[in-house]
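Just below is one structure, and these are the notes that go with it.
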Amino acid sequence: MNILAIETSCDETSAAIVKNGTEILGNVVATSSDLHLKTGGIVPEIAAREQLRCVLPVIKEVFQKAFKSRGSEIVKNNIDAIAVTTGPGLIGSLLIGVETARVLSYLWNKPLIPVNHLTAHLYANWLNTGKKNPAPKFPALCLVVSGGHTEMIIIKNHNNYLYLGGTRDDACGEAFDKTARLLQIAQYNGGPAIAKRAQEYLDYLPSQKPISFFPRPMINTKTFEFSFSGLKTAVFNKVLSLKKDHLFNDLAVKKFSYEIQEAITDVLANKILLGIEKFQPKSVLIAGGVAANQRLKEKLELKIKTKHEVGFFIPPPSLCTDNAAYIASCAFFNNHPLPWQKVSANPAREIID
Ligand code: KG4
Ligand code: ZN
């Protein structure tokens, strides 16, 4: 079964065609991040206008990639269903994808499958699985870490989720983004900028022991709650005092980046270990933009693989950040089409619905 998926929840416009939930025939992503760099963050109105400009060319391109064909007749006969992200996300952006999908569903007479963006992130772990790369086994302990969310859930089976908990305030991606701003290294999408400086710090001082001067809130609580706003305040205060003493220099930025990354990844890794002990899952799945963080991957691999008999899944970086391939995969395994008239954008959709 070939599913055409459309993803426009934030600042990426993406379309993918995926066979049987695992084989990516085409996956095209256009981003308006350059425009948001100029404004120091996402301006929803600008993101939505860009979505409108890109959505049809991106869909056309994905058909060309998937089937090496330009004919519209062939196009519609090559897909069996359409999937679309309906939430959560920015309303203006979501509407572009949802309205496009509704029109195509009506015109082409194809089933339309609404998809929750957050649970869909996890399905990046089903892409490219098969005989050689076995798919995750259930129950799966999952962590979704993105710019807007830090959430833990258990997937008991496809279509059967248990929500464990999430952040009380900032998401961990937001913590990367806001502290990167305080360090003046990125106005937007701070995670990669922090990760780069952290690596540079390690390269500079390879034998240096971690200093751990930033807080790791809720790291030892026996619940699946997180809190990252205190980290932002701690970084703010440190930066301020260094600036006062004229010590805020390139090396300080690299050291802080290293410490920020350590603080965030320590908390995430500890909560995963707590989940493993409590639920004895067969797999652990990480997903969302922050899952592209190599240090998080290293820590989890070390802690999980050495101590626990559990399959560990983390998608390649290109499938961690927003793209439509995982939307298609999620739709395949959670295939609940609705008449196009009943599919609508819902920016505040919960993680499980
Ligand atoms: O899932 P995503 O692409 O968009 C949302 O749905 O939010 O996630 C974007 C988030 C941003 O906060 C960005 O800073 C973070 O993912 N991110 C990273 C890395 N790459 C992206 N955080 C840490 N390390 C990375 N390498
Ligand atoms: Zn996302």
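The values are calculated or read from the model by the stated rules, or taken from the named source; none is laboratory data. Please read these numbers as outputs of a predicted model, since none were measured by experiment. Every residue, glycine as well, gets a Cβ built from its backbone with ideal geometry; the counts of neighbours run over all protein chains shown. The area values use the complete protein model at the heavy-atom level, side chains included, leaving out ligands, DNA and RNA. Shrake-Rupley method; radii C 1.70, N 1.55, O 1.52, S 1.80 Å.
Beta bridges assigned by DSSP with both partners in the stretch 137-260 are antiparallel in approximately 90 percent of cases.
For the chain, the solvent-accessible area of protein heavy atoms averages 45 Å² per residue (probe radius 1.4 Å; ligands and nucleic acids excluded).
Would you work out what percent of the accessible area of the stretch 226-353, with all protein chains in place, is carbon or sulfur (probe 1.4 Å)?
Ligands and nucleic acids excluded, carbon and sulfur reach 55 percent.
The C-alpha atoms of the chain define a longest principal axis, and helix 44-67 lies at about 60 degrees to it. Pairwise Cα distances in the chain exceed 32 Å for 32 percent of all pairs. Placing +1 on the Cβ of every Lys and Arg and -1 on the Cβ of every Asp and Glu, with nothing else charged, gives the stretch 191-269 a dipole about its Cα centre of roughly 160 debye. Computed over the chain, the per-residue total of -39500 (n - 2.57) for DSSP H runs of n ≥ 4 gives a 222 nm mean residue ellipticity of -14500 deg cm²/dmol, rounded to 500.
Simple rule: put +1 on each Lys or Arg Cβ and -1 on each Asp or Glu Cβ in the stretch 222-353, find the dipole, and look at Phe333, Pro315, Ala292; the Cα lying farthest toward the positive end is Ala292. Can you tell me the orientation of helix 250-279 relative to the chain, as the angle in degrees between its alpha-carbon axis and the longest Cα principal axis, to the nearest 10? It works out to around 60 degrees. Compute the relative contact order of the chain as a whole-number percentage, counting only Cα pairs closer than 8 Å that sit 6 or more residues apart in sequence. It rounds to 26 percent for the chain. With the whole protein complex present, Lys299 retains an accessible surface near 20 Å², based on a 1.4 Å probe. In degrees from 0 to 90, rounded to the nearest 10, what is the angle of the helix 294-307 Cα long axis to the longest principal axis of the chain? It is inclined by approximately 90 degrees. Net charge in the neighbourhood of Pro139 (other residues with Cβ under 12 Å of its Cβ; Lys, Arg +1, Asp, Glu -1) is +4.
Specify which residue in the list Ile185, Gln199, Ser9 is farthest towards the positive end of the charge dipole of the chain, using unit charges on the beta carbon of Lys, Arg (+1) and Asp, Glu (-1), about the Cα centre. About the Cα centre, the residue reaching furthest to the positive side is Gln199. For the chain, DSSP calls about 60 percent of its internal beta bridges antiparallel. Would you tell me the accessible area of Lys243, worked out with a 1.4 angstrom probe on the heavy atoms of the protein chains, in Å² to the nearest 10? About 90 Å², ignoring ligands and nucleic acids.
Run the dipole for the chain about the Cα centre, Lys and Arg Cβ at +1, Asp and Glu Cβ at -1, nothing else charged, and hand back the magnitude in debye, nearest 20.
I would put it at about 560 debye.
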